[in-house]
1. Being part of a helix (DSSP H, G or I), closer than 26 Å to Ala195 by Cβ and without any contact (Cβ under 8 Å) to a residue 12 or more places away in the chain, is that true of even one residue in segment 159-167?
2. Can you confirm whether Leu134 is within 30 Å of Val96 (Cα to Cα) and either among the basic types (Lys, Arg) or within 29 Å of the chain's Cα centre (by Cα) (or both)?
3. Is it fair to say Gln125 is surrounded by fewer than 11 Cβ atoms within 10 Å (Cβ to Cβ) and either modelled with pLDDT under 80 or closer than 14 Å to Gly144 by Cα (or both)?
4. Any residue in segment 194-215 that is under 16 Å from Phe169 (Cβ atoms) and not assigned by TED's automatic domain parsing to the domain that holds Gly133 sitting within a Cβ distance under 7 Å of a residue that is part of a loop (DSSP other than H, G, I, E, B) and modelled with pLDDT of 80 or more? List the pairs, counting only those 6 or more apart or interchain.
5. Filter segment 146-188 for residues that are modelled with pLDDT under 85, within 28 Å of Ile91 (Cβ to Cβ) and touching an Asp or Glu at 6+ places or on another chain (Cβ under 8 Å) and give the result.
6. Just checking, does segment 89-98 include any residue being of a type in the set (A, V, I, L, M, F, W, C) and in contact (Cβ under 8 Å) with a residue 60 or more places away in the chain?
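The values are calculated or read from the model by the stated rules, or taken from the named source; none is laboratory data. Quick caveat: nothing in here was measured; it's all calculated off a predicted structure. FYI the Cβ positions are ideal-geometry reconstructions off the backbone, even for glycines, and counts take in every protein chain you see.
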Amino acid sequence: MRKKNVSTAKIAKQLHASYDTIINAIHLLKKQGLLPEFHSLDPRVKDSNGKTFHTKQLDLLIFNLLKVNHKLHNREIVELLAEQQRLNKKISILTVERSRLRLIKEGLLNRRIATPAETLKIDMQVEKLRLRGLTNSEIASRLGLSVPRVKSGLYRLVKKGKIMQKIYFAQYYRDYIKQKVDENTEHPINLAEIAKELGISREWARQLYMRVKTE
């Protein structure tokens with residue numbers, strides 16, 4: 001009956017069983033591999049392109065928003081989708097970026113090409129936030145950008161001499177120190193040894209370590 005898309009409630013009624021009994025039976029059949037994980041009408045089921053109902057709904061909403069205004073930033077799209085007449089729930093900037101990439105891959109959107117003025121403006125914002133000690137992901141979230149976009153901005157800033165190379169690599173250094181901290185929970189890490197491995201000063205290693213400890 002389940003394979004014929006009969007609802008759980010109807011199965012319970014026809015078999016004169018409780019709803020919970022049928023639910024338990026369905027779970028058991030799924031564990032035994034006799035029924036698929038998701039019902040064919042379940043919105044989580046993926047189509048031939050690997051898209052769920054929710055994914056298709058999201059992509060369509062974002063496509064329609066960008067069709068009206070192709071200059072919308074990811075953060076603005078997040079706010080618009082949270083409105084009651086649209087998705088009525090808040091999603092992440094990363095989710096919007098992934099939807100954009102899917103639409104570009106399908107040929108429904110053109111890849112965004114920033115003008116020199118827009119690039120300069122974004123790079124200046126990235127520079128300010130990096131100098132305040134924010135990580136790549138934090139900058140991306142704050143500005144509504146993808147992490148690769150932040151990384152490319154930082155690379156240009158290093159080449160122009162706007163930020164020091166050690167600040168550019170700060171994210172890598174912090175991740176490395178955090179890994180060492182996680183691996184040595186019972187003993188303090190050797191900052192002098194880490195500084196030597198990274199090719200930075202012991203003081204810079206100490207400052208990064210203190211930031212890791214406060215995260």
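1. For segment 159-167, residues part of a helix (DSSP H, G or I), closer than 26 Å to Ala195 by Cβ and without any contact (Cβ under 8 Å) to a residue 12 or more places away in the chain: present.
2. Yes; evaluated as a whole, the condition is true for this residue.
3. no
4. Partner pairs satisfying both residue conditions: Ala195/Ser201.
5. Correct list: Ser146 only.
6. no
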